[in-house]
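Peer 1: Can you keep this structure in mind? I'll have questions shortly.
The values are calculated or read from the model by the stated rules, or taken from the named source; none is laboratory data. These numbers come from a predicted model, not from an experiment. Cβ sites come from the backbone with ideal geometry, for glycine too, and all protein chains shown count toward neighbours.
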Amino acid sequence: MKHLFILFVAIAFVACMPKKEKLKYPMTKKVDTLDVYFGHEVADPYRWLEDDMSEETGEWVKAQNLCTQDYFSKISYREKIEERLTKLWDYPKISAPFNKGGNYFVFKNDGLQNQDVVYVKETLEGEERVILDPNKLSEDGTVALTNFTPSKNGKHLAYGVSRGGSDWRELYVRDIKSGNDLNDHIQWAKFSGISWFKDGFFYSRYPEPKEGDALKGENKDSKLYYHKVGTPQADDNLIYENSDKPDWGFSGGVTDDEKYLIISVTESTSGNALYVKDIENEGKVIKLIENFDNDFWVVDHIDGKLWVTTNYQAPKYKVIAIDLNNYAPENWVDFIPEKEGVLQSVNLIGGKIIAQYLKDAHSHVEVYSMGGEYNYDIDLPVLGTVGGFSGEKEDSVTFYTITSFTTPSTVYKYNVEKNISEKYQESEIDFNPENYETKQVFYESKDGTKIPMFIVHKKGIELNGNNSVLLYGYGGFNISLTPTFSIGRLIWLEQGGVFALMNLRGGGEYGEEWHDAGTKLKKQNVFDDCIAAAEYLIDEKYTSKGKIALLGGSNGGLLVGAVINQRPELFGAAIPAVGVMDMLRYHKFTIGRYWAADYGTSEDSEEMFKYLHEYSPIHSIRNDIKYPAVLVTTADHDDRVVPAHSFKYIATLQENYKGINPVIIRIESKAGHGAGKPTEKIIEEYSDMYAFMFENTGLEPKY
């Protein structure tokens, strides 16, 4: 069998024919695997590809990649795209500085560094020095920083790294003064924060996985630990676990006064229980909230009360005060009531409360007194997305960033007392935003719901139906898509392409009700919203059928796969990136079971099984329709949405599709779900993606 696969690899490079001729894809064997759901038999002939570490799967990956590389080698302008993208990318980037423990920290990138570098200085005007350079942790930039938490006393910082894109994190401790690491080394942390307390910190981790299971096995039995600096991991104190609930996850955070440990308990991506432990007096764990019906995020402990952001009886979120001596829900007090906008975050700075809201999917910031009275808005320079406002509570100055579709991230210095913003750092890039315009429209979905969509393009565009459109969406897990700057997207815009971003149901743009409207047995709403967006762009003469490229990642990859099964004729190209493509088995890998709150599972009921089976991208592929060109992207270290989803999907599509449009897969090595990917790999991937979209929507770049 091994020799047979080597033969497939050898012929794959010559087998992929030029565009307009049907590609000859590497052979993918089929096996007799059958599952039964509520009496319904479902074949899974490519189950063997779930073993992504096997030699057989490895040879299949090589063959598919050779085929894909050959396809791109025939696109004459592909290298020009990479050259232009590299030039655009090469400009200095800086984060908003923040103060912690008497030091100011800032992340910088000189342009093409694979990973951002962390600098520290004692005062805003002081001399800065490098405190952590992730680029020195690997030769190829595939070790990325995941956590960065300075201690309250300013002596140490704890940081986490991931290797090759995996969600697994290794934690280390560095002396801030010397810049040297101590001997501390913690393994098998995942989705863990770091919260300092005295001479150590709280973190959460899972048991060490069995050999071969690290990137695909289910993650169970989360535990919360305390690590004392200078001691081995084996000596860490177990703070909390629940052996009766192996599916639950635990994370810990310490209030600013170091009196209380807040334990958040989760069983899905929505809703959490909330426990509190008096660590100042070594008290017992108090279970404030024991169900998972709502979200609760503790802001801080102030004068005996916890300030908590929640969607309890407030779909758009509010801040409540919980008296720790009288914490029954009937005694909770609304501190900042629910408003028209969706409350996203709360920061305590300079004796004020800075609350960030979403209004029609863009940022709006309000300032309140510590008594909860509204003071004023912060005047933002552009319609976009804001981040920052971090620092110590007593700071009179903080920093924030703002970005839009055509504005790179710009840092502003904000005087809290005077409510004055001044530009601190802006990016200089080879791109003139004055040549472009952004508009927000509200189109009607299938059931009459109005859906917002941002549209970006060159000024003076002619609405003649001949423009190529890049349509992007997500629609899930209460995640909001807002105006942000993408260097890669500039390649599309400057060549005359139109970019459209959909705020689909399932997201968080209008609060929990908007999110809920795109979950479980209402998931089709998300696909209908996307289809209606494409139809709107066609009806309004922005474009026409076959000139739209549909792009989405993760849950957005599911969106792409489902929509092109339902309405393939609308699109010329489709890129499902790291997508959830097998809706019957997604919950059986790593942390996939957490997604059940949005999706439901094939084991819940016969009704749920049938609903999932009907739209599951793999299971709803047909052999009698014309698919658009499809480029699937995934990575060998993706342990969030395991690559088996994409492997099985492309194998099924290549088997069933009879037309001449390319249906190919790009499998990245030493990369994961996307976070922490080195700049070099991002540029290469974007170059392929945009070349694919140009080639298959009829927009030929002028290079």
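Peer 1: Which of (1) assigned by TED's automatic domain parsing to the domain that holds residue 643; (2) closer than 29 Å to residue 465 by Cα is the odd one out, the single condition residue 702 does not satisfy?
Peer 2: The single condition residue 702 does not satisfy is (1).
Peer 1: Among the residues of the stretch 441-457, is there at least one that is over 24 Å from residue 562 (Cα atoms), modelled with pLDDT of 95 or more and charged (D, E, K, R)?
Peer 2: No; the residues of the stretch 441-457 include none that is over 24 Å from residue 562 (Cα atoms), modelled with pLDDT of 95 or more and charged (D, E, K, R).
Peer 1: Got a sec? Which strands (runs of 3 or more DSSP E) wholly within the stretch 277-348 have at least 1 residues that are farther than 18 Å from residue 371 by Cβ and not basic (Lys, Arg)?
Peer 2: Details: elements: 285-289, 296-302, 305-310, 318-323, 333-336.
So the answer is 285-289, 296-302, 305-310.
Peer 1: On the basis of being assigned to a strand (DSSP E or B) and more than 18 Å from residue 545 (Cβ to Cβ), does residue 483 make the cut? Talk me through it step by step, then tell me what you get.
Peer 2: On the way: assigned to a strand (DSSP E or B): no; more than 18 Å from residue 545 (Cβ to Cβ): yes.
In short, no.
Table: residues versus (1) without any contact (Cβ under 8 Å) to a residue 24 or more places away in the chain; (2) closer than 17 Å to residue 452 by Cβ; (3) touching a helix residue (DSSP H, G or I) at 6+ places or on another chain (Cβ under 6 Å); (4) not acidic (Asp, Glu).
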| residue | (1), (2), (3), (4) |
| --- | --- |
| 477 | no, no, yes, yes |
| 485 | no, no, no, yes |
| 489 | no, no, no, yes |
| 506 | no, yes, yes, yes |
| 519 | no, no, yes, yes |
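Peer 1: Could I ask something else about it? Identify the single condition in (1) on the phi > 0 side of the Ramachandran plot; (2) touching a Gly at 6+ places or on another chain (Cβ under 9 Å) that residue 409 does not satisfy, given that it satisfies every other one.
Peer 2: (1)
Peer 1: Another question, if that's okay. Please return the ranges of helices (runs of 4 or more DSSP H) entirely within the stretch 598-703 where 2 or more residues are under 19 Å from the mean Cα position of the chain (by Cα) and charged (D, E, K, R).
Peer 2: The helices (runs of 4 or more DSSP H) meeting that bar are 679-697.
Peer 1: With respect to the numbered conditions (1) part of a strand (DSSP E or B); (2) small (Gly, Ala, Ser); (3) under 17 Å from residue 175 (Cβ atoms), which one is the sole condition not fulfilled by residue 154?
Peer 2: The one condition residue 154 does not meet is (1).
Peer 1: Just for the stretch 208-251: of the residues that are among the polar types (S, T, N, Q) and not in a strand (DSSP E or B), which one is nearest to residue 289 (Cα to Cα)?
Peer 2: As a first pass, look at the stretch 208-251 and keep what is among the polar types (S, T, N, Q): 219, 222, 231, 233, 237, 242-243, 251.
Subset that is not in a strand (DSSP E or B): 219, 222, 231, 233, 242-243.
Numbers: 219: 24, 222: 19, 231: 34, 233: 31, 242: 16, 243: 19 Å.
Checking each candidate, the answer is 242.
Peer 1: Does residue 259 meet the test of being under 30 Å from residue 319 (Cβ atoms) and either buried (at least 20 other Cβ atoms within 10 Å of the Cβ) or in contact with an Asp or Glu (Cβ under 7 Å, 6 or more places away or on another chain) (or both)?
Peer 2: yes
Peer 1: Further question: Determine, yes or no, whether residue 562 is assigned to a helix (DSSP H, G or I), touching a Pro at 6+ places or on another chain (Cβ under 7 Å) and either over 30 Å from residue 678 (Cβ atoms) or hydrophobic (A, V, I, L, M, F, W, C) (or both).
Peer 2: Answer is yes for this residue.
Peer 1: Looking at residue 596, is it small (Gly, Ala, Ser) and either surrounded by fewer than 24 Cβ atoms within 10 Å (Cβ to Cβ) or within 22 Å of residue 52 (Cα to Cα) (or both)?
Peer 2: yes
Peer 1: Tell me, yes or no, whether the stretch 388-402 has at least one residue that is among the aromatic types (Phe, Trp, Tyr), surrounded by 17 or more Cβ atoms within 10 Å (Cβ to Cβ), at pLDDT 95 or above and over 30 Å from residue 506 (Cβ atoms).
Peer 2: Yes, the stretch 388-402 has at least one match.
Peer 1: Can I ask one more? How many of the residues making up the stretch 580-591 are in contact (Cβ under 8 Å) with a residue 60 or more places away in the chain and either within 18 Å of residue 270 (Cα to Cα) or not charged (D, E, K, R) (or both)?
Peer 2: Matching residues across the stretch 580-591 total 6.
Peer 1: Are there any pairs, at least 6 apart or on different chains, whose C-beta atoms fall under 9 Å, with the first in the stretch 230-253 and under 16 Å from residue 171 (Cα atoms) and surrounded by fewer than 17 Cβ atoms within 10 Å (Cβ to Cβ) and the second at pLDDT 95 or above and of a type in the set (Val, Ile, Thr), and if so, which?
Peer 2: 230/173; 233/186
Peer 1: For the stretch 394-459, which strands (runs of 3 or more DSSP E) that fit wholly inside it have 1 or more residues that are touching a helix residue (DSSP H, G or I) at 6+ places or on another chain (Cβ under 9 Å), over 25 Å from residue 365 (Cα atoms) and not assigned by TED's automatic domain parsing to the domain that holds residue 99?
Peer 2: 436-444, 450-458
Peer 1: Quick one: what pairs do we get from the stretch 457-473, first residue in contact (Cβ under 8 Å) with a residue 12 or more places away in the chain, second in a loop (DSSP other than H, G, I, E, B) and loosely packed, with under 15 Cβ neighbours inside 10 Å, C-beta under 6 Å, 6+ apart or different chains?
Peer 2: Filtered contacts from the stretch 457-473: 463/541; 465/541.
Peer 1: From the list 302, 322, 279, exactly one residue is within 25 Å of residue 340 (Cβ to Cβ) and surrounded by 14 or more Cβ atoms within 10 Å (Cβ to Cβ). Which is it?
Peer 2: When all the criteria are applied, what remains is 322.
Peer 1: Could you please find all residues in the stretch 571-609 being more than 17 Å from residue 521 (Cα to Cα) and among the polar types (S, T, N, Q)?
Peer 2: Residue satisfying the conditions is 590 alone.
Yes/no matrix, rows are residues, columns are (1) in contact (Cβ under 8 Å) with a residue 40 or more places away in the chain; (2) under 28 Å from residue 682 (Cβ atoms); (3) in the same structural domain as residue 127 (by TED's automatic domain parsing):
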position: 155; (1), (2), (3): yes, no, yes
position: 158; (1), (2), (3): yes, yes, yes
position: 166; (1), (2), (3): yes, yes, yes
position: 175; (1), (2), (3): no, no, yes
position: 193; (1), (2), (3): yes, yes, yes
position: 203; (1), (2), (3): yes, no, yes
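Peer 1: State whether the residues of the stretch 159-168 include one that is hydroxyl-bearing (Ser, Thr, Tyr), in a strand (DSSP E or B), touching a Gly at 6+ places or on another chain (Cβ under 6 Å) and within 30 Å of residue 84 (Cα to Cα).
Peer 2: yes
Peer 1: Output the residues belonging to the stretch 558-573 that are in contact with a Phe, Trp or Tyr (Cβ under 7 Å, 6 or more places away or on another chain), under 16 Å from residue 470 (Cα atoms) and free of Cβ contacts under 8 Å to residues at least 60 places away in the same chain.
Peer 2: 563
Peer 1: Same structure again: Can you tell me which residue is farthest from residue 653 (Cα to Cα) among those in the stretch 46-58 that are in contact (Cβ under 8 Å) with a residue 60 or more places away in the chain and not charged (D, E, K, R)?
Peer 2: Filtering first and then ranking leaves 53.
Peer 1: I've got another one for you. Out of (1) free of Cβ contacts under 8 Å to residues at least 24 places away in the same chain; (2) more than 25 Å from residue 408 (Cβ to Cβ); (3) of a type outside the set (A, V, I, L, M); (4) exposed (fewer than 13 other Cβ atoms within 10 Å of the Cβ), what's the single condition that is false for residue 377?
Peer 2: Only one criterion in (1) free of Cβ contacts under 8 Å to residues at least 24 places away in the same chain; (2) more than 25 Å from residue 408 (Cβ to Cβ); (3) of a type outside the set (A, V, I, L, M); (4) exposed (fewer than 13 other Cβ atoms within 10 Å of the Cβ) is unmet by residue 377, namely (2).
Peer 1: Considering each of 521, 471 in turn, give the residue that is at pLDDT 95 or above and either assigned to a loop (DSSP other than H, G, I, E, B) or buried (at least 21 other Cβ atoms within 10 Å of the Cβ) (or both).
Peer 2: 471
Peer 1: For the stretch 483-503, what are the residues that are surrounded by fewer than 20 Cβ atoms within 10 Å (Cβ to Cβ) and among the polar types (S, T, N, Q)?
Peer 2: 484, 486, 495
Peer 1: Take the residues in the stretch 328-359 that are surrounded by fewer than 17 Cβ atoms within 10 Å (Cβ to Cβ) and among the acidic types (Asp, Glu); name whichever of them is nearest to the chain's Cα centre (by Cα).
Peer 2: 340
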